Every structure is written in C-alpha cells, then in structure tokens.
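Asks: Pasting a structure here, questions to come.
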Amino acid sequence: MIESKPIRLARENGEIGSALPPFPSRTVKSTAAGFFALVLALVFVLPVVKLIYLSVHGDMGLTLEHYTEMLRQDRLWKTLKDTFIVVAGSSLVSVILGTAAAWLIAYTDIKHKNTLHLALLLPFILPSYVLTLSWSSFMSAQGFVAQALHWFQPDAKPWSMYSYGGIIFVMGIHHFPLVYLLTVEVLKKIPRDLEWATRASGAGRWTTFRLVTLPLSLPGLTAGALLVFLASLDNFGIPAFLGIPSHISVLSTLIYEEIIGFGPSAFARGAALSVMLGVIAVIGTILQWLSVRKIKAADTVVSDNSPRYTLGMHRGWMTSAVWAGIAFITLIPLISMVAISLKKAYGLPFQWKNLTWDNYRYILLDNPKVWQSIQTSLLLSVTTFVICLVLGSLLAYARLRKPSWLTKAAELAVALPYTLPGIVFGLCMIFAWMEPIPGWNPGIYGSISILFIAYTCRFLILQVRAGITAFTQIDVSLEEAAHSSGAGFWRKWVSVLIPLLLPGLLSGAFLVFLTAFTELTVSALLWSTGSQTIGVTIFSFEQAGSTLYSTALSSLIVVLILGGMAALQLLQKLQSSKGVQQP
C-alpha cells in the first residue's frame with residue numbers, strides 16, 4: 001500500500017496512527033493462516049493421504065494388486081457377509097428400540113421423563129467392551145440366567161453371546177440411544193394440529209401414526225439409522241470380544257488381525273481393507289449429514305413437550321415396564337459382571353464362602369502392569385482433556401465469530417479423524433508417524449507420543465461441536481460491549497466469555513475425557529510396551545481367558561463413568577442456574 005505524503009506525516013505525528021494499521025499486520029495474518037493450514041494438512045489430512053497411497057503402492061509403482069489380492073480371498077467375502085449381517089441386524093434392533101423409547105418420551109405422560117431420559121443414554125455411555133463383558137457374564141454358564149434355568153432343567157444352557165445373535169443384540173442395545181436422541185426432538189416438533197385433523201376425520205391412532213407421525217418423523221429416523229450404521233461399522237470392541245473367539249469377523253476386526261499378523265504385505269493389505277471400510281463410512285456420513293440437514297431445517301419449530309397421549313390406568317405399569325427393561329439391558333448384566341469379579345475362581349457357585357476381594361487387589365496392587373495402564377489412561381485422557389478444551393474452544397470461537405474458508409476447512413479437517421472408523425484412523429496414524437518424511441523416523445511410532453497425537457486428533461471435534469453450541473448461546477453484543485469498554489482479547493475471555501461459557505465448554509471436555517479414558521479401538525493398534533491403556537488391558541485379559549480380572553477392572557471403570565456422569569449433571573445444573581440469573 002502506497003501512502004500520500006500528508007497521510008504519512010500525520011501518521012508519524014500520531015494524529016491518525018490508530019486509524020491506519022501498519023502494513024506488516026496483513027502479512028503476519030497471512031503467514032499465520034498459512035502456517036495454521038499447513039499444520040492442519042500435516043496432522044489431520046496427510047495420514048489419510050498416506051493410507052490411500054500405500055494401499056495402491058507396490059514394488060513396481062502404483063498398482064491395484066493389494067485390492068485384487070484381497071478380493072480373491074474367500075475370507076474377505078465371508079467377512080463382508082458377516083459385516084452386513086451384524087451391521088444390518090444391530091441397526092434394526094437399534095431403530096426399533098430407539099423409536100419406541102422416543103415415542104414414549106415425546107408423546108405420552110409416562111412418569112419421571114427427565115430421569116428416564118438419562119437412563120436411556122446409559123447403554124451408550126458405557127464402553128462397548130464393558131457392556132459386552134457384562135452380557136457375556138450374565139449369559140455365561142456361571143451367570144444368573146444359567147442358575148435360573150437350572151431350577152427347571154439341570155442341563156439347560158443360556159443363549160450364547162458368542163454368536164451372530166449375541167453380537168447383534170449387544171451392538172443393538174449399545175447404539176439405540178443414538179436413534180432415540182435424533183428422533184425424540186423430531187417427534188416433539190410434529191404439529192399436533194395435523195394429527196388432530198386426521199383423528200377428527202375418523203382415523204384411528206394407528207392410521208394417524210402411519211399417515212402423519214411416521215412420514216414426518218422420517219428425517220430423524222433416517223438420520224438415527226444412518227448414525228447407528230456408522231457406529232456399528234466403526235465398532236471394534238463388541239465383535240472383537242464376541243466374534244474373534246467364535247470365528248466371526250467384521251471389517252474392523254479383520255483389519256486388526258491383518259496388522260497384528262505381520263508378514264511382508266500386512267500393512268498393504270490392511271491399508272486396502274481400511275480404504276474399503278473408509279469409503280463405506282464416508283458415504284454413510286454424507287447421507288447421515290444430509291438427513292441431519294433436514295432436521296435442522298425444522299429447528300425454527302418450537303418443541304411441544306406436553307403429552308399427546310394419556311396412558312391413564314396403564315401409566316403405572318408402563319412406567320415400571322420401561323424401568324424394568326432398562327434394568328434388564330444394563331443394570332442386571334452389570335451386577336452379574338460384578339458378581340463374577342468377586343469369585344475366588346471362575347466356575348464356583350455364587351456363595352458367600354466363594355467371594356473375595358483378591359481380584360481387585362491383584363489389578364490395583366499386585367500387578368504393576370495394570371496400575372501402569374490405569375496411569376497411562378489417566379495421563380492420556382487428562383492431557384487430551386486440556387488440549388482439546390483449549391484448541392477446540394478457540395477453533396469453535398473462530399468458526400462462529402470469524403467465519404472464512406480457512407475456519408470452515410479447519411472444521412472439516414478436524415472432523416475427518418472422527419468420521420473415519422477408529423481402526424482405519426489408527427492405521428493412518430501408523431503410516432503417518434512411522435516415517436513422516438522418507439528416511440526420517442522421529443521415534444513417535446512405538447511410543448506413548450503417538451497415542452497423545454491420535455487421541456487429540458480423534459476427539460478434538462467433540463470439543464469443537466460443544467464449543468459451537470456454547471458460543472451460539474452467548475449474544476455477540478456482550479463481546480462488543482467489552483470491546484467498547486477497552487477490554488483486549490485476553491481480558492474479554494477472562495472477564496466475559498469464560499465465566500459464561502465454562503459449564504458448556506467443560507461438558508464437552510468431560511465427554512472427551514470419558515471417551516479417551518475408555519478408548520480401545522485406536523489403542524489396540526497403537527499401544528506399545530509401557531503405553532498399554534485400560535481398554536487394551538481388559539481386552540488382553542479376556543483374550544487370555546482371565547475373566548475374573550477383566551470383569552474386576554471393567555467394574556472399576558463403571559464406577560468412574562458414573563462419577564463422571566454425576567459431574568456432568570452438576571455442570572449442567574450450574575449452566576442452567578447461570579442462564580436463569582442472566583437478565
């Protein structure tokens with residue numbers, strides 16, 4: 001920019017110095033933006049690019065040999081069939097349960113709705129491998145079901161969880177809260193006038209549901225079904241615990257088995273499989289995003305929280321039946337898992353003389369590797385908590401208050417690691433950090449550092465989403481008032497934004513903490529000696545047949561999760577009280 005002589009003299013005399021910013025400021029901003037974009041590309045995008053490249057790279061250059069080799073194997077086609085059976089079956093279970101739960105909460109006057117809402121989320125909040133262990137304990141030969149069956153027939157055996165049906169059932173009840181969450185608000189926004197008009201025309205309740213309620217709720221049902229499809233496709237814990245012992249493989253477990261099997265082309269085959277799984281996941285994500293856009297289009301409609309159907313004399317027993325159902329799918333299996341963890345030896349009847357605390361003493365005091373895994377998971381989750389809280393909140397602020405192509409691209413780049421299935425992202429991290437630059441190995445792969453990077457990259461988007469939600473609730477006029485009062489950037493954050501946003505931001509950060517603390521899928525590929533996490537330790541115990549130790553450690557995790565849920569509830573109450581106090 002070229003200044004005229006009068007303007008230059010006035011600026012040098014201090015007369016208009018504040019009106020004309022110095023020229024280098026634009027250069028500094030451009031440099032900072034370029035550096036930020038470069039970091040995003042290297043950390044979030046490059047791993048995916050390297051995965052795709054290695055899947056088509058061979059001794060003779062670019063080739064599709066790895067894909068054709070995998071497609072010729074009968075094992076891949078069996079895995080694809082098993083994946084379809086498991087994903088389709090569990091998605092159907094989730095849609096049925098989630099839709100029924102959403103209808104009861106949105107349309108009826110069932111008792112204790114707020115408490116029921118939280119209880120319905122519990123199956124998803126629990127780590128999938130903990131829910132799996134609880135159900136495998138519940139339905140085992142030593143579980144409560146077997147003991148009850150023996151009263152009627154001594155040789156009776158309970159339903160085996162190590163089967164297609166077992167995997168589908170556990171995965172279905174683990175994911176149905178996703179359908180519930182996306183459907184319940186859609187149902188509340190359906191105009192009741194349309195339903196009344198249909199009823200006034202002589203249609204019954206079922207006809208009204210079929211002609212009005214179901215078509216208008218399809219955006220929520222479709223979005224929930226697609227989200228469950230993606231979650232089932234991504235899930236590693238349930239098919240790993242229940243499928244591997246019974247030789248049932250899905251794509252996520254097949255990739256894991258390929259990588260740990262080593263061999264000269266293990267990584268290449270794993271990369272090809274990961275690209276196949278990643279493509280399916282990305283297509284499902286796009287479809288799910290389009291469905292969610294339809295839901296957001298109706299966000300201007302006010303939710304109708306008043307009940308539309310009165311249960312009358314059935315209200316009491318239906319409320320009890322719903323609570324009994326929740327207890328059956330979560331609480332009772334958890335109690336069975338705790339009961340097995342207290343036994344002196346697996347196979348002994350549940351009697352007072354056979355109970356002991358030795359399993360808990362072993363995992364907490366006698367086995368240094370277990371305690372080390374607890375410390376590692378705490379260190380990883382706390383560090384991820386802090387980094388995501390700071391970076392995610394700043395990125396959310398920039399995305400909402402300073403929208404540009406860079407902030408939008410940053411959000412998409414940050415969302416990419418979470419969009420990919422966990423096992424695929426873990427493989428991306430291996431390829432990216434084993435040798436980031438040809439001929440240079442920084443020593444990150446094979447150390448705990450790669451877990452720090454992987455956790456931050458994968459869970460950062462959770463904090464960004466929570467931050468965007470929190471910032472939308474704060475009027476921009478508050479920031480403008482702070483600027484008018486002379487507050488700088490840091491003063492504005494410390495005095496205005498943080499006090500108002502802290503409960504909402506911490507809610508997202510606690511979600512990051514709990515997710516990172518119980519993570520298994522990514523850690524299963526990236527852990528090394530000295531960096532074993534809690535999820536990997538439980539998986540190792542179960543694979544080795546040490547069920548008493550795996551159930552004991554899982555029981556401790558449940559206690560920690562319940563404590564985390566209580567903390568989240570307290571934060572939400574604080575946020576609500578702040579909202580009431582605001583003018």
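Asks: Along Cα→Cβ, 7 Å out, is where each label goes; now give me the distance between the ones at His117 and Tyr346 in nm to one decimal.
Replies: 4.1 nm
Asks: Of Lys408/Lys492; Lys81/Lys369; Lys157/Lys353; Lys344/Lys369; Lys50/Lys492, which sit over 30 Å apart, Cα to Cα?
Replies: Flagged as over cut-off: Lys81/Lys369; Lys50/Lys492.
Asks: Further question: Determine the shape class of region 284-426: with a ≥ b ≥ c the square roots of the Cα gyration tensor eigenvalues, call it rounded for a/c under 1.5, and otherwise prolate if a/b is greater than b/c, oblate otherwise.
Replies: oblate
Asks: Another question, if that's okay. Of Gln288, Gly535, Val414, which is farthest towards the positive pole of the chain's charge dipole, taken about the Cα centre with +1 and -1 on the beta-carbons of Lys, Arg and Asp, Glu respectively?
Replies: Looking along the dipole axis, the top candidate is Gln288.
Asks: Defining a contact as two alpha carbons under 8 Å apart and six or more residues distant in sequence, what relative contact order in percent does the chain show?
Replies: 18 percent
Asks: Quick one: compute the contact order of region 115-269, relative version, from alpha carbon pairs under 8 angstrom and 6+ residues apart, as a percent.
Replies: The normalised contact order for region 115-269 reaches 26 percent.
Asks: Give me the mean projected area, in nm² to one decimal, of the convex hull enclosing the Cα positions of the chain.
Replies: Mean shadow area of the hull around the Cα atoms is 36.4 nm².
Asks: Right, something else. Using a 10 Å cut-off on Cβ atoms, rank the peptides 454-467, 240-253 from the highest mean neighbour count down.
Replies: 454-467, 240-253
Asks: Report, by chain and number, residues whose modeled amide H sits under 5 Å from the one on His57, excluding near sequence neighbours (fewer than 5 apart, same chain).
Replies: Thr63
Asks: Ranked highest first by average number of other Cβ atoms within 10 Å, how do 425-438, 34-47 line up?
Replies: Order by mean packing, descending: 425-438, 34-47.
Asks: How do 272-278, 310-316 rank on mean C-beta neighbours within 10 Å, highest first?
Replies: Peptide ranking by packing, descending: 272-278, 310-316.
Asks: Still on this model: Would you mind getting the accessible area per residue of region 419-544, heavy atoms of the protein chains only, 1.4 Å probe, in Å²?
Replies: 38 Å²
Asks: Moving to a separate point now. How high is the relative contact order of region 420-494, in percent, with contacts defined as C-alpha pairs under 8 Å that are six or more residues apart?
Replies: RCO, region 420-494: 16 percent.
Asks: For the chain, what does the helix formula give at 222 nm: sum of -39500 (n - 2.57) over DSSP H segments with n ≥ 4, over the residue count, nearest 500 deg cm²/dmol?
Replies: Taken over the chain, the calculation gives -23000 deg cm²/dmol.
Asks: Rank Gln153, Ser134, Thr472 by how far each Cα sits towards the positive end of the charge dipole of the chain (+1 on Lys, Arg Cβ; -1 on Asp, Glu Cβ) and give me just the farthest.
Replies: Thr472
Asks: Something else now. Please state the charge dipole magnitude for the chain, taken about the Cα centre, from unit charges on C-beta atoms (+1 on K and R, -1 on D and E), reported in debye and rounded to the nearest 20.
Replies: 1160 debye
Asks: Right, next: Want the number for Arg199 to Leu311: 0.36 nm per residue separation, take away the alpha-carbon distance, what's left?
Replies: Length gained between Arg199 and Leu311: 38.6 nm.
Asks: Let me ask something else. For region 123-134, just list the computed ³J(HN,Hα) in residue order, Karplus coefficients 6.51, -1.76 and 1.60, θ = phi - 60°, integers in Hz, with x standing in for Gly and Pro.
Replies: Karplus values, whole Hz, x for Gly and Pro: x, 8, 5, 5, x, 4, 6, 5, 4, 5, 5, 5.
Asks: Suppose R0 equals 30 Å. What FRET efficiency, 1/(1 + (r/R0)^6) with r the Cβ-Cβ distance, do Leu391 and Arg361 give to the nearest 0.05?
Replies: 0.15
Asks: Cβ under 14 Å from Ala268's Cβ, Ala268 left aside: what net charge do those residues give with Lys, Arg +1 and Asp, Glu -1?
Replies: Net of charged neighbours comes to -2.
Asks: Roll a 1.4 angstrom probe over the protein heavy atoms and tell me the percent of accessible area of the chain that is carbon or sulfur.
Replies: Heavy-atom surface of the chain belonging to carbon and sulfur, 1.4 Å probe: 68 percent.
The values are calculated or read from the model by the stated rules, or taken from the named source; none is laboratory data. Given the structure is predicted, the values throughout are model-derived calculations rather than measurements. Because the Cβ atoms are built from the backbone with ideal geometry, glycine has one as well, and the counts that use them run over all protein chains shown. Ligands, DNA and RNA are stripped out before the accessible areas are found, and what is left, the full protein with its side chains, is counted by its heavy atoms. Shrake-Rupley method; radii C 1.70, N 1.55, O 1.52, S 1.80 Å.
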